[in-house]
1. Do we have TYR222 as of a type in the set (Phe, Trp, Tyr) and surrounded by 20 or more Cβ atoms within 10 Å (Cβ to Cβ) here?
2. From the residues in the stretch 72-87 that are surrounded by fewer than 22 Cβ atoms within 10 Å (Cβ to Cβ) and of a type in the set (S, T, N, Q), which one is farthest from ILE114 (Cα to Cα)?
3. Go through the stretch 204-257 residue by residue and tally those that are at pLDDT below 50, more than 20 Å from ASN46 (Cα to Cα) and of a type outside the set (A, V, I, L, M).
4. Taking the residues in the stretch 104-127 that are touching a Leu at 6+ places or on another chain (Cβ under 8 Å) and closer than 13 Å to ASN82 by Cα as candidates, determine which candidate is modelled with the lowest pLDDT.
5. As an exercise: evaluate LEU157 against (1) in contact (Cβ under 8 Å) with a residue 24 or more places away in the chain; (2) in contact with a Leu (Cβ under 9 Å, 6 or more places away or on another chain) and give the number of the one condition it does not meet.
6. On the given criteria, is THR14 modelled with pLDDT of 95 or more and within 21 Å of ARG189 (Cβ to Cβ)?
7. Please tell me if ASP199 is of a type in the set (Asp, Glu), at pLDDT 95 or above and touching a helix residue (DSSP H, G or I) at 6+ places or on another chain (Cβ under 8 Å).
8. Among the helices (runs of 4 or more DSSP H) confined wholly to the stretch 94-173, which include 2 or more residues that are surrounded by fewer than 17 Cβ atoms within 10 Å (Cβ to Cβ) and not β-branched (Val, Ile, Thr)?
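The values are calculated or read from the model by the stated rules, or taken from the named source; none is laboratory data. Remember, predicted model here, so these are calculated numbers, not experimental data. No Cβ is skipped: glycine too gets one built from the backbone with ideal geometry, and neighbour counts run over all protein chains shown.
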Amino acid sequence: MTLTLFARYGRRTTFFAVAMGLSLTVAGCSVPGAGGGIHDPYEDGNRKVHEFNRSVDRALLRPVSKGYGKIANDDLQAVVGNVATNLSTPSVMVNNLLQGDIPGFGSNLYRFVINSTVGIAGLFDPAADLGGVQLADADFGGTLAAWGAPEGAYLELPLLGPSTQRDAAGKVVDLFTNPLSYVLVAPERHAGTVARVFDRVGTRDRFGDTIDSVLYESADSYAQTRLIYLQSRRFELGDAASGAYADPYAETVTDPYEDPYAE
């Protein structure tokens, strides 16, 4: 029994340590965009990945999401989203602590306890619906940002979509930061992953028109996707005040990708 536990947790701890070291190395060596603009030295490769992602969306994710939307009503999709969020909350709490966000950790702990009990294992969200306590979201990409790691180059990841070097490194570490993955056994351990997949499919259905307009109706879907992601992520991490939110094309009035929020 002892050897089994050691083998199970020892391997995961080793993988986590390696992933942590790799993420810090990648984030530390990355080069931020000058003046908070777009730093995309891998654009040629990124565009190829973008076309691959578009083909997957067109052939698989888009039609599956439409079918899922016809089968699953809004209430069912909300339940799936609640489960996905609740099962990922312990990982968020780890990043709250790593970022020194004690109030965020406390509110997320409250949410997890209430939603796991009163909310029937996360099927419902009474913490938000009745108590008004929203998720204080956090991930390891944000943790690296809080530690001063630069954003690095823009990347588009296969299937996962837009990212940066810092956020890509954070995604690797986030695979190992959920305490539930060390406690639960299969198949329960995979419930969160399954819920997140269905939640993503539901999100693709709910925002289908907007996503379609970016991917299939814009003049350059890659540039549009890149700009939207960087603006949103920088704003989320609080980089707007530093000028990182500025559109590098703002001087060209006729540019179709001009940031509508630029002053």
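1. Values: of a type in the set (Phe, Trp, Tyr): yes; surrounded by 20 or more Cβ atoms within 10 Å (Cβ to Cβ): yes.
It is true that TYR222 is of a type in the set (Phe, Trp, Tyr) and surrounded by 20 or more Cβ atoms within 10 Å (Cβ to Cβ).
2. ASN73
3. Number satisfying all stated conditions: 8.
4. This residue is GLY122.
5. Exception for LEU157: condition (2).
6. Details: modelled with pLDDT of 95 or more: no; within 21 Å of ARG189 (Cβ to Cβ): yes.
Considered against the rule, which asks whether it is modelled with pLDDT of 95 or more and within 21 Å of ARG189 (Cβ to Cβ), THR14 comes out as no.
7. Details: of a type in the set (Asp, Glu): yes; at pLDDT 95 or above: yes; touching a helix residue (DSSP H, G or I) at 6+ places or on another chain (Cβ under 8 Å): yes.
The answer is yes for ASP199.
8. Values: elements: 102-117, 126-129, 140-146.
The helices (runs of 4 or more DSSP H) meeting that bar are 102-117, 126-129.
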